[in-house]
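Scroll down for the structure; my scribbles are underneath it.
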Amino acid sequence: MTSQEHRLTDAYLVGLTLTEALKADQSLCTALRTLEGPFDSLNDGYPEWHPAPHSFEGMVRLLLYRELTGESYRSLAQYPELAVVFDLEKIPDESVLSRTWRNRFDEATREFVTTAAHYVIKEVHDRDISAPEVRPKAEIVDDEQEAADPVEDKSFSQEEIIQTTRLARDHAFGHFDSGRASNASYEDTQFLALLNRHKAVDFTV
């Protein structure tokens, strides 16, 4: 797998874990606080000598919360209790949050956060999971449609996704190795379907 495919696999693992926690009636804050995500695979854009007062992992969790809820940078400051949830000394102000997203997080980390959060949002609304903090699905669907180039959009239909995943599983899966532990909670086939859906894997069967 390429580094992008590994990153998307990690993002979907986070999304699946958060979704399962919400299905078990955990609050969003509890689910994020106890999340054992693969954050060590993400790159902290600030060097060790940089005087950043906030932990990188804490900021990843906080900005996952922001993407899941749709809160603005400014409105997050109204919830100082979130600092305890995400193991931060305090909730950073709007300018720090903005700089973190633009400068401290590289493109891969931003993609990790949005991919994981958008997966959870879609699952919550598609499966009618009770999670009142999660933002409406229409907000991210509209964003994704605006970001897509209508001329270059080559996204698969649901039927193509199912067919390609089935063919890959039946004919080529023996050669596919995600590198994940054999006792992982989610089978490689789940990630195969998800990666295919987001065009991260090009299967030739």
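The values are calculated or read from the model by the stated rules, or taken from the named source; none is laboratory data. Remember, predicted model here, so these are calculated numbers, not experimental data. Glycine also receives a Cβ, built like all others from the backbone with ideal geometry; neighbour counts cover every protein chain displayed. What goes into the accessible areas is simple: the full protein's heavy atoms, side chains included, and nothing from ligands, DNA or RNA. Shrake-Rupley method; radii C 1.70, N 1.55, O 1.52, S 1.80 Å.
When the residues of segment 103-126 are filtered to those that are farther than 22 Å from residue 46 by Cβ and free of Cβ contacts under 8 Å to residues at least 40 places away in the same chain, which remaining residue is least open to solvent (accessible area, probe 1.4 Å)?
Per the criteria, the residue is 122.
In a helix (DSSP H, G or I), open to solvent by 10 Å² or more (accessible area, probe 1.4 Å) and within 26 Å of residue 142 (Cα to Cα), is that true of residue 16?
yes
Which condition does residue 97 not pass, out of (1) open to solvent by less than 20 Å² (accessible area, probe 1.4 Å); (2) in a loop (DSSP other than H, G, I, E, B), if it passes all the others?
With (1) open to solvent by less than 20 Å² (accessible area, probe 1.4 Å); (2) in a loop (DSSP other than H, G, I, E, B) applied to residue 97, the lone miss is (2).
Can you confirm whether segment 71-82 contains a residue that is among the hydrophobic types (A, V, I, L, M, F, W, C) and modelled with pLDDT of 95 or more?
no
Restricting segment 47-58 to residues that are surrounded by fewer than 17 Cβ atoms within 10 Å (Cβ to Cβ) and not acidic (Asp, Glu), which is nearest to residue 18 (Cα to Cα)?
55
Can you report the number of residues in segment 19-60 which are out of contact with any helix residue (DSSP H, G or I) (no Cβ under 7 Å at 6 or more places or on another chain), in a helix (DSSP H, G or I) and of a type in the set (Ser, Thr, Tyr)?
Summing the residues that are out of contact with any helix residue (DSSP H, G or I) (no Cβ under 7 Å at 6 or more places or on another chain), in a helix (DSSP H, G or I) and of a type in the set (Ser, Thr, Tyr) in segment 19-60 gives 1.
Yes or no: residue 37 surrounded by 13 or more Cβ atoms within 10 Å (Cβ to Cβ) and closer than 15 Å to residue 116 by Cα?
Taking the combined requirement at face value, the residue satisfies it.
Pull out all pairs, ordered by first then second residue, where Cβ-Cβ is under 7 Å, the residues are six or more apart or on different chains, the first lies in segment 61-85 and is under 22 Å from residue 16 (Cα atoms) and part of a helix (DSSP H, G or I), and the second is basic (Lys, Arg) and open to solvent by less than 40 Å² (accessible area, probe 1.4 Å).
The qualifying pairs are 68/135; 69/135.
Of the conditions (1) exposed (fewer than 15 other Cβ atoms within 10 Å of the Cβ); (2) modelled with pLDDT under 95, residue 138 clears all except one; give me its number.
With (1) exposed (fewer than 15 other Cβ atoms within 10 Å of the Cβ); (2) modelled with pLDDT under 95 applied to residue 138, the lone miss is (2).
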